[in-house]
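Scroll down for the structure; my scribbles are underneath it.
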Amino acid sequence: MQFPRNHDLAPLVREKLEHSPKERFLYISHEHKDHYDPDFLRTLTKRDFTVVIGRFRRTALRDEFVAYGAKRIITCEDSQEVPFKGGYLKLYLTDSGTNRDSALLVQADGQCFLNLNDCKIHDRLPALVAEEGPIDVFTAQFSGAIWHPTCYDYSREDYAEHSRQKRGSKFEAVARAMETVRPRVYLASAGPACFLDPSLFHINLEPVNIFPRASELFTFLQHRLAGKTPRLLEPMPGDVLDAGLGEMVTLAPERVTDENVSQYLRSYAALQTRVFRERRRNLMLEEVDRIHERLREEMQQKLEAFSLADRVMTPLYMGLIELPGQLIRVDFRSRRVEVVSEVRDLSRYTFISSAADIVRVLDRKLNWEDFLLSFRFRASRSPDVYDASLHNFLAAEIEDLRAMCDTTLATESRKERTVVTAGGMRYAVNRYCPHQGADLREGWVEEGRYLVCPRHRWRFDLQEGGSCGTNGCSIKAECLGKEKDEDSRGATVEQRPGM
Ligand code: FES
């Protein structure tokens, strides 16, 4: 569900896509359902516009548009220029195997618009800005969109602490991006999420979570960027930006504010009650048994395609709420999937959902990542450590797992080193982040010892050999001596201002 609601704009969007005399483009950043609404697109009868999407390894989105019958589909390579009358556009892609996404740049009529949306290309911004020149209008996600810690069984205190850390780190990433891009205008976008399902509505009202509103970001930025803060705008659906003046023309009939947001969400949820009532299903026991068996087969097939299984030390337990006492245990080390009656490992990852929800994945109405983003499951892990391989195993489709493993291995095989300075000392470190290969030369140093990855902001402790607090992986930091020490063993590169 969009937040704020934008359903009233459907006729206007339909009119522009079907009948505008201008060149008409439809850009879809990626296939996640909060960015791509096939139900709405099916209501369009005239489809003589150009669809612009990224050229991802997984072709599912492209295949859908081929079947859809758009007049023209442009699948853009990373940074490929797509000209149109008065300017051009470019997409910047990420494609990690589990996650595909794109950012959009539009140069037109002397103005430049860069929309990162929720695409993590922060490490590429310096090069992008150098190539494209001044960016007038900039947007980037500022609010969380991941199931950790929301779907995990934490104490109230731990949940609040994890949430606070994630919010702070995300805000800092926006501030850093702003320092690089130096736009005239920043538009708050891609968040926060809202939860209208009665079973999830309570998330909206939590005192601390990973879904801050734009006003909280703006307060942070005004303090953090001081005199260098661009104009900060929070558009409502239907507002129009005058890019030349950097001003918003407020046309939206309703505005969500800090004061009315709770009431707004309650009335929005009330309007959607029917949607959630209709999707509720009471399953017969035989149906639940069948779903359980299909889930076991799905895990078996995933495991067979998962060449990095040896890396996952903890077994995964998957269960259905409707079938307590029958857990699917995935043992990555022995490559076995079995059904057990209880959790029997101290080190383990557990994942519980309802059969009625997970069958949508098994029926291929949702992919795994969409399902995880629906937040309709509960998880726990012991020890409380993020395991990227296990995460990828859960989030990837069967047919993508092999490519995802290959991508991981390719990332790890990049051996280039770089040098960073922190706390007056110089360190040689691996240049590329072990998570998804972001360029750590575009990272930053916190507390004089932690090198922070610009993409998902993992922190590597330079004083502890470059180990990462998130999961213990390492960038192999080697101290080269004091800054300005002429005898320090030299390494390659850089010095980013502020590092
Ligand atoms: S690429 Fe994800 S934390 Fe570095």
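The values are calculated or read from the model by the stated rules, or taken from the named source; none is laboratory data. All of these numbers come straight from a predicted model, not from anything done at the bench. Cβ sites come from the backbone with ideal geometry, for glycine too, and all protein chains shown count toward neighbours. With ligands, DNA and RNA removed, areas are computed over all heavy atoms of the protein, side chains included. Shrake-Rupley method; radii C 1.70, N 1.55, O 1.52, S 1.80 Å.
Restricting the stretch 444-454 to residues that are more than 12 Å from the ligand (Cβ to nearest atom) and assigned to a loop (DSSP other than H, G, I, E, B), which is surrounded by the most Cβ atoms within 10 Å (Cβ to Cβ)?
Top of the filtered list is Arg449.
For residues in the stretch 114-135 being part of a loop (DSSP other than H, G, I, E, B) and within 16 Å of the ligand (Cβ to nearest atom), which is nearest to Leu104 (Cα to Cα)?
Ranking the candidates gives Leu116 first.
Within the stretch 312-342, which residues are in contact with an Asp or Glu (Cβ under 6 Å, 6 or more places away or on another chain) and not in a loop (DSSP other than H, G, I, E, B)?
Once the filter is applied, which keeps residues that are in contact with an Asp or Glu (Cβ under 6 Å, 6 or more places away or on another chain) and not in a loop (DSSP other than H, G, I, E, B), the stretch 312-342 yields only Arg329.
Looking for whichever is touching a residue at least 24 places away in the same chain (Cβ under 8 Å), near the ligand (Cβ under 9 Å from one of its atoms) and not assigned by TED's automatic domain parsing to the domain that holds Phe171 here; the options are Arg457, Arg441. Which one fits?
After applying the criteria, what remains is Arg457.
Of the residues in the stretch 347-383, how many are touching a Lys or Arg at 6+ places or on another chain (Cβ under 6 Å), within 24 Å of Gln436 (Cα to Cα) and in a helix (DSSP H, G or I)?
The total comes to 1.
Can you tell me which residue within the stretch 286-312, out of those that are in contact (Cβ under 8 Å) with a residue 24 or more places away in the chain and more than 22 Å from Asp406 (Cβ to Cβ), is nearest to the chain's Cα centre (by Cα)?
It comes out as Leu295.
Only one of Val445, Val493 is modelled with pLDDT under 90 and touching a Ser or Thr at 6+ places or on another chain (Cβ under 8 Å); which?
Matching residue, one of Val445, Val493: Val493.
Select, from Leu93, Leu104, the only residue that is at pLDDT 95 or above, within 16 Å of the ligand (Cβ to nearest atom) and surrounded by 19 or more Cβ atoms within 10 Å (Cβ to Cβ).
Among Leu93, Leu104, only Leu93 is at pLDDT 95 or above, within 16 Å of the ligand (Cβ to nearest atom) and surrounded by 19 or more Cβ atoms within 10 Å (Cβ to Cβ).
Could you identify the single residue in Asp63, Asp34, Asp39 that is without any contact (Cβ under 8 Å) to a residue 12 or more places away in the chain and closer than 27 Å to Ala252 by Cα?
Criteria check complete, one pass: Asp39.
Out of curiosity, is Phe138 in a helix (DSSP H, G or I), of a type outside the set (A, V, I, L, M) and more than 16 Å from the ligand (Cβ to nearest atom)?
Judged against the criteria, Phe138 is not a match.
Here is a check on your reading of the model: is Gly423 of a type outside the set (A, V, I, L, M, F, W, C), buried (at least 19 other Cβ atoms within 10 Å of the Cβ), modelled with pLDDT under 95 and more than 30 Å from Met318 (Cα to Cα)?
no
Can you go through Gly469, Gly465 and tell me which one is surrounded by fewer than 22 Cβ atoms within 10 Å (Cβ to Cβ), more than 18 Å from the chain's Cα centre (by Cα) and more than 13 Å from the ligand (Cβ to nearest atom)?
Gly465
Within the stretch 355-373, track down each residue that is without any contact (Cβ under 8 Å) to a residue 60 or more places away in the chain and open to solvent by 20 Å² or more (accessible area, probe 1.4 Å).
Result: Asp357, Arg360, Asp363, Arg364, Lys365.
Filter the strands (runs of 3 or more DSSP E) completely within the stretch 52-113 down to those with at least 2 residues that are more than 25 Å from Leu125 (Cβ to Cβ).
72-76
Of everything in the stretch 426-438, what is farther than 25 Å from Lys166 by Cβ and either within 16 Å of the ligand (Cβ to nearest atom) or open to solvent by less than 30 Å² (accessible area, probe 1.4 Å) (or both)? Give them in sequence order.
The answer is Tyr427, Ala428, Arg431.
Restricting attention to the stretch 374-395, report how many residues are farther than 24 Å from Val288 by Cβ, open to solvent by 10 Å² or more (accessible area, probe 1.4 Å) and not basic (Lys, Arg).
Residues in the stretch 374-395 being farther than 24 Å from Val288 by Cβ, open to solvent by 10 Å² or more (accessible area, probe 1.4 Å) and not basic (Lys, Arg): 10 in total.
Which residue out of Ala177, Ala127 is among the aliphatic types (A, V, I, L, M), surrounded by fewer than 18 Cβ atoms within 10 Å (Cβ to Cβ) and not assigned by TED's automatic domain parsing to the domain that holds Thr350?
The match here is Ala127.
Report, by residue number, each residue of the stretch 384-432 that is part of a strand (DSSP E or B) and of a type in the set (Asp, Glu).
Of everything in the stretch 384-432, nothing turns out to be part of a strand (DSSP E or B) and of a type in the set (Asp, Glu).
Just the residues that are within 14 Å of the ligand (Cβ to nearest atom), open to solvent by 50 Å² or more (accessible area, probe 1.4 Å) and of a type outside the set (Lys, Arg), please, taken from the stretch 396-420.
Ala410, Glu412, listed by residue number.
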